[in-house]
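Here's the structure, in structure tokens; my notes come after.
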Amino acid sequence: MDEQDQGAKRNRLNDLVAVTVVILTVFLAVGKIKDDNIVQAMQKAQSGAVDTWAEYQSTRVKLHVDENGLAQLRLLETAGTFDKALATKQTAEYEADIKKYQQRSQETMAKAKALEAEYDRLNVHDDQFDISEAFISIAIAVAAVAALVDNFMLLYLAWASGITGIVFGLAGFLGWSIRPEFLVLLLGT
């Protein structure tokens with residue numbers, strides 16, 4: 001090849017690298033915004049779940065206290081000298097509270113589990129954006145090296161990595177359930 005052909009090849013490679021980097025960087029930036037919003041929603045769901053479990057525990061303690069109070073009242077009824085009207089009234093109050101706390105604890109547990117499920121659902125998409133970011137970052141780096149060493153094969157490798165990153169990013173945007181567990185386990189905590 002003569003020098004003019006090599007210059008044209010180099011220019012074509014540089015043009016392709018430039019377009020590749022722009023496309024991947026724009027996609028990465030938009031994906032980062034969505035990922036940050038997902039992380040905020042995850043934090044909200046996790047905080048809500050913690051608060052709800054605390055409320056559940058509080059309700060269960062109140063239930064336990066009322067159950068013990070009712071048991072003590074019933075024990076006192078066997079002692080003989082007590083005000084039956086007052087005992088009947090107190091028994092009704094304990095039984096009403098027990099019923100209320102049983103229902104409230106069931107509702108609170110369901111709410112806490114729903115918040116945990118929402119966190120898990122969001123975490124799948126957060127992982128997708130994290131994987132997308134990793135593959136796109138690799139693609140940008142490899143594309144830059146392809147331009148430096150004048151190698152189309154490296155550009156093709158960058159495109160493959162970039163396409164993989166875009167697929168995972170689209171999965172995060174569109175709610176697809178693509179999640180390679182081996183990568184999540186490898187890169188997770």
- Note on the structure: The one condition residue 117 fails out of (1) closer than 30 Å to residue 41 by Cα; (2) surrounded by 13 or more Cβ atoms within 10 Å (Cβ to Cβ); (3) out of contact with any Ser or Thr (no Cβ under 6 Å at 6 or more places or on another chain) is (2)
- Quick one: how many residues across region 64-81 are of a type outside the set (Gly, Ala, Ser) and assigned to a loop (DSSP other than H, G, I, E, B)? 2
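Being over 30 Å from the mean Cα position of the chain (by Cα), surrounded by 15 or more Cβ atoms within 10 Å (Cβ to Cβ) and not charged (D, E, K, R) narrows it down to one of 158, 143, 139, so name that one. Steps first, please.
Details: 158 fails: over 30 Å from the mean Cα position of the chain (by Cα); 139 fails: over 30 Å from the mean Cα position of the chain (by Cα).
Criteria check complete, one pass: 143.
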- Name the residues in region 20-42 that are closer than 13 Å to residue 143 by Cβ and touching a residue at least 12 places away in the same chain (Cβ under 8 Å), would you? 20, 21, 23, 24, 25, 28
- Conditions (1) modelled with pLDDT of 80 or more; (2) over 30 Å from residue 38 (Cβ atoms): number failed by residue 78: (1)
- Task: State whether the residues of region 16-32 include one that is assigned to a helix (DSSP H, G or I), in contact with a Phe, Trp or Tyr (Cβ under 6 Å, 6 or more places away or on another chain) and under 30 Å from residue 134 (Cβ atoms).
- Result: yes
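Hey, among the residues in region 1-42 that are under 30 Å from residue 124 (Cβ atoms) and among the acidic types (Asp, Glu), which one's surrounded by the most Cβ atoms within 10 Å (Cβ to Cβ)? First the steps, then the outcome.
Kept after step one, since they are under 30 Å from residue 124 (Cβ atoms), are these residues of region 1-42: 20-42.
Filter again for among the acidic types (Asp, Glu), leaving 35-36.
Working: 35: 21, 36: 12.
Filtering first and then ranking leaves 35.
Please tell me if residue 97 is under 42 Å from the mean Cα position of the chain (by Cα), surrounded by fewer than 12 Cβ atoms within 10 Å (Cβ to Cβ) and not β-branched (Val, Ile, Thr). Walk me through how you get there before you give the answer.
Working: under 42 Å from the mean Cα position of the chain (by Cα): yes; surrounded by fewer than 12 Cβ atoms within 10 Å (Cβ to Cβ): no; not β-branched (Val, Ile, Thr): yes.
Spelling it out, it is not the case that residue 97 is under 42 Å from the mean Cα position of the chain (by Cα), surrounded by fewer than 12 Cβ atoms within 10 Å (Cβ to Cβ) and not β-branched (Val, Ile, Thr).
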- Task: Name, by its number, the condition in (1) farther than 21 Å from residue 25 by Cβ; (2) modelled with pLDDT of 95 or more; (3) of a type in the set (Val, Ile, Thr) that does not hold for residue 189.
- Result: (2)
- Query: Among the residues of region 152-174, how many are closer than 25 Å to residue 8 by Cβ, in contact (Cβ under 8 Å) with a residue 24 or more places away in the chain and of a type outside the set (Gly, Ala, Ser)?
  - Reply: 3
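Would a scan of region 148-167 turn up a residue that is among the β-branched types (Val, Ile, Thr) and not in a helix (DSSP H, G or I)? Step through it out loud before you land on a result.
At the first step, the residues of region 148-167 found to be among the β-branched types (Val, Ile, Thr) are 149, 163-164, 166-167.
Subsequent filtering for residues that are not in a helix (DSSP H, G or I) retains none.
No; the residues of region 148-167 include none that is among the β-branched types (Val, Ile, Thr) and not in a helix (DSSP H, G or I).
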- Message: Checking residue 152 against (1) surrounded by 14 or more Cβ atoms within 10 Å (Cβ to Cβ); (2) over 20 Å from the mean Cα position of the chain (by Cα); (3) not hydroxyl-bearing (Ser, Thr, Tyr), only one condition comes out false. Which one?
- Response: (1)
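The values are calculated or read from the model by the stated rules, or taken from the named source; none is laboratory data. Small disclaimer: the values here were computed from a predicted structure and weren't measured. All Cβ positions, even for glycine, are placed from backbone atoms using ideal geometry, and neighbour counts span all protein chains on display.
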